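Before any comments, here is the structure.
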Amino acid sequence: MGMKFCGPKLSLCGLVLSVWGIIQLTLMGVFYYIQAVALLEDIPIDEEDTHTISGFISAAENGYTQNAYNCWIAALLYVITLVVSGHQFWMNNRSSVSM
Amino acid sequence: MGDLFRSEEMVLCQLFVQSEAAYVSMYELGEAGIAQFRDLNPHVNDFQRRYVSEVRRCSEMERKLRWVAGELPEPPPPPKISPSNLSPREINILEERIDYIESEIQEITRNARNLKSDYLSLLELKILIEKTQTFFQDQSAHRKISASVQIYNNEGVLGHLGFIAGVVATHRVPSFEKMLWRISHGNIFFKQAHIEKPLKDPVTGHELQKTVFVVFFHGEQIKLRVKKVCNGFQATLYPCPATYKDQQDMLAGVETRIKDLEILQNMFSMDIVKKCLIAECWVPRRDLYILQKALDYGLIKASGSPIPSILHYVPTKEIPPTFNRTNKFTRGFQNLIDSYGIASYREVNPALYTIITFPFLFAVMFGDVGHGLLMTLFASIVVLFEKKLAKKKTDNEIWNIFFGGRYIILLMGIFSIYTGLIYNDIFSKSLNIFGSRWRNVYDNETLLNNKMLELDPAEAYSQTPYPFGLDPVWEFAANNIIFLNSFKMKLSIIFGVIHMAFGVTMSVVNFNFFRRTELIYLQYIPQILFLLLLFWYLCILMFMKWTMYSAISTDPAYGTSCAPSVLIIFINMMLLKETESKPPCRALMYDGQDALQKTFLVIAYICVPIMLFGKPVYQMMAAKKRKQYRQGVESGEVDEHDDEHDGGMGEVLITQAIHTIEYVLGTVSHTASYLRLWALSLAHAQLSAVLWQRVLRIGLSGGSPVNSIALFVIFAIWAFFTLAILVLMEGLSAFLHTLRLHWVEFMSKFYEGHGYAFAPFSFSAILENDDEDPPAQTNGAPPE
């Protein structure tokens, strides 16, 4: 079926972390996409573009969309982690039951 | 009244039970767990009690079972709960079975040991044969003898020469040889060969080096002497059994449960005349019918004896144990209160209110939606799977603490989500649900040229507040902390005064119940007046400041620059100092403030001597009245209580003085103590913000999609620290502070806590303690 390289505790940790990561990063991606003001200080902005208002606004919008995509990609990575952790967790449970 | 409002009413009962019926009745009572038995034979030695032989039998059985369990190669399966009770006959059968199994196991181990030594002997014999073959082959004439030696005999006779073969420990060989030589005057022939592989000793398990030897001699006398020497040197000579059979250890697992019923019966006293047992027990009044049912059931089972069991109420002046009936939800909160001290009998139970005030005060200190969500989710999962998790008996203390407090954690989490929404703080970010009420009032030029700008609430604020919680704009305000400090400090004082006033009012319930209404006037009224007139007035000043002063006020005396410091007003009130007025600001907040404050102060000061002398004077007057009454009724009787009262009067005065000072100083210090609500919530918010800015922001400040991998890793780090520091550490800290607030600031106002816990005779309780220490404990008699 596959090798078991995580113990029961590590796979449970991975499971919990992945679920949390998926939910939070997806939501953060959504908030970045709708350009929530609360996340204004957490976007990458080049200093050179901030000399005009319109420049600042477009730089901010770029930063927002960039971070939205980053968050969603990270959420996808956590989906992979979820699958791996879940598989390890299931394998750990199975071997302890069949014993 | 409700279950948790105060502890249950307890009744002291006397049971008259037939000896035959006693066993079954006690079994029923053990299952029900409603009666706490008092030891009626406290002066009798454990060994002189009536049922000592049964106790000894039970202990023996238990010892044997434990030994059997130790002999098993793997731990035994957990015992199944037997549905029916065990009659004395069944216990006899159980005892026989245990004896039988024990003797079987002992025999098996004995056989195993014998086998091992047999095996060792055989091995030695085999090696011996191999070695001696070389000896005998030297002389061709002896080959015939070696053939016969192999099967049955050890000694052969060749002509006039005999020999003895055997095995001896290697380190003894030199002295062995010397001894043989000496006793035979040199007339023996000794040959030896060392066994290379060490052999295992069956008894000790050590590995020994052995040597094979053959001694050739001539004549019977020398043979005897040689044999004696061999015995002396513990050399094994060889007759050996030939058979070798395999045995496998089979140990049967035993499923049973041993009860301490006989110990219980030892606590009964014997009534010789009626041939029945008498017991005294404390039972909650509501459970008396169960007690009656148990006795009746015992009678029915005990082959219908005509004498019924009698349940007899004993009116007594003793203090009964305190029993609070809890369910799985309320038990956690009751434990929190009981850890401080068991409530006095039938005093009001603070646990009922703790169910709400504890999570609420925790949440005020913890206030974060994200962390509250994490706590709620964890607690919900534990609660949803509580039946399965309860079966897993683990020694992990931390898990047991979390599991026992799962409902407390659940409530704390839910309340934290609520306060998080009020503080508008989710993982240190604010949620803008309803739209901020503040607008930008500057043009683009000003915005470009200034790093920081001030928003005047008269212009930038829309004059209608954000509907629920803190306006999200405050996340970006540089004076965020200053603003929130003022708000949270005032909030903490308001919550504190309400909590303490509630605590003081609880004493009224106690005074009412215990029929001491005079104390309501002599103690409660002055206490509450002192607290409210000073500190609730402080809270009213806070409310007034919040409502009366505004940025858009037309009267400059009520504008923002004229808002007075409430603390300074309060201090000036206590010290009777005059405040200067700096126009256009006014000295006072409202007309008549000076007169009102002075009145409050005077009334509060008058309350202090009432608290100090009220109760002692009342007790003195009551004693005098009693003495007069007694002297009027029974004239000529010497009153011994007079002296006692004088001495007692001093003590009462001192006690009352201590309580008064404690209370008066306590109002000030405890009110300030509630400021920890502000302090911890500030610390939590700042920690959360620092964690986001220093950790998660790194993952969010990259431009390209490659940074998503960095975000993937950094999120894990951020999540770990959020859990470890913000949820666990801060959660534990807030829990501790809330507990302190409850125990010290709240409960010191009314709680006595001098009771002792109700410890009923219950099988489930005994079994739970069985895992920790060995049983055969007498059920606790109440501390005398």
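Tabulated results
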| quantity | calculated |
| --- | --- |
| In the stretch B:446-555, the chymotrypsin sites (Phe, Trp or Tyr not before Pro) that fall in loop regions by DSSP, at most 11 other Cβ within 10 Å | B:468 |
| Protein-only accessible surface order, largest first, of B:464, B:354 at 1.4 Å | B:464, B:354 |
| Once the Cα gyration tensor of the stretch B:476-553 is diagonalised, semi-axes √(5λ) in Å | 37, 13, 7 |
| Gain on full stretching of the segment that runs from residue B:396 to residue B:183 - 0.36 nm per residue minus C-alpha separation | 69.8 nm |
| Helical contribution to [θ] at 222 nm, DSSP H n ≥ 4, -39,500 (n - 2.57), averaged over chain A, rounded to 500 | -26500 deg cm²/dmol |
| Amide N of the stretch B:329-347 lying under 20 Å from the label point, which is placed 7 angstrom from the Cα of residue B:513 along Cα→Cβ | B:330-347 |
| Residue B:543/residue B:520 FRET efficiency (R0 25 Å; Cβ-Cβ; nearest 0.05) | 0.30 |
| Theoretical FRET efficiency, 1/(1+(r/R0)^6), r = Cβ-Cβ of residue B:53 and residue B:335, R0 51 Å, to 0.05 | 0.80 |
| Rh by Kirkwood over Cα pairs, then Stokes-Einstein D for the stretch B:488-635 at 0.890 mPa s and 25 °C, µm²/s | 133 |
| Set A:9/B:393; B:328/B:393; B:451/B:488; A:9/B:328 screened for pairs whose C-alpha atoms are more than 21 Å apart | B:451/B:488; A:9/B:328 |
| Partner chain coverage, peptide A:37-43 - average Cβ within 10 angstrom | 6 |
| Of A:4/B:429; B:317/B:615; B:490/B:749; B:392/B:429; B:391/B:429; B:598/B:749, pairs whose Cα-Cα distance is over 30 Å | A:4/B:429; B:392/B:429; B:391/B:429 |
| Accessible area of residue B:329 in the full protein assembly, 1.4 Å probe (Å², nearest 10) | 60 |
| Where only alpha carbons of chain A are counted, the Rg and the Dmax (Å) | 19.6, 69 |
| Rotationally averaged projected area of the stretch B:644-706 (alpha carbon convex hull; nm²) | 6.9 |
| Prolate/oblate/rounded call for the stretch B:679-774, Cα gyration tensor, a/c under 1.5 rounded | oblate |
| All Cα pairs of the stretch A:1-40, percent lying beyond 17 Å | 52 |
| Net length gained if the chain between residue B:618 and residue B:208 were fully extended (0.36 nm per residue, minus Cα distance) | 138.5 nm |
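The values are calculated or read from the model by the stated rules, or taken from the named source; none is laboratory data. This one's a predicted model, so the numbers in the text were calculated from it and none came from an experiment. All Cβ positions, even for glycine, are placed from backbone atoms using ideal geometry, and neighbour counts span all protein chains on display. Just so you know, the surface numbers come from the protein's heavy atoms only, side chains and all, with ligands and any DNA or RNA stripped out. Shrake-Rupley method; radii C 1.70, N 1.55, O 1.52, S 1.80 Å.
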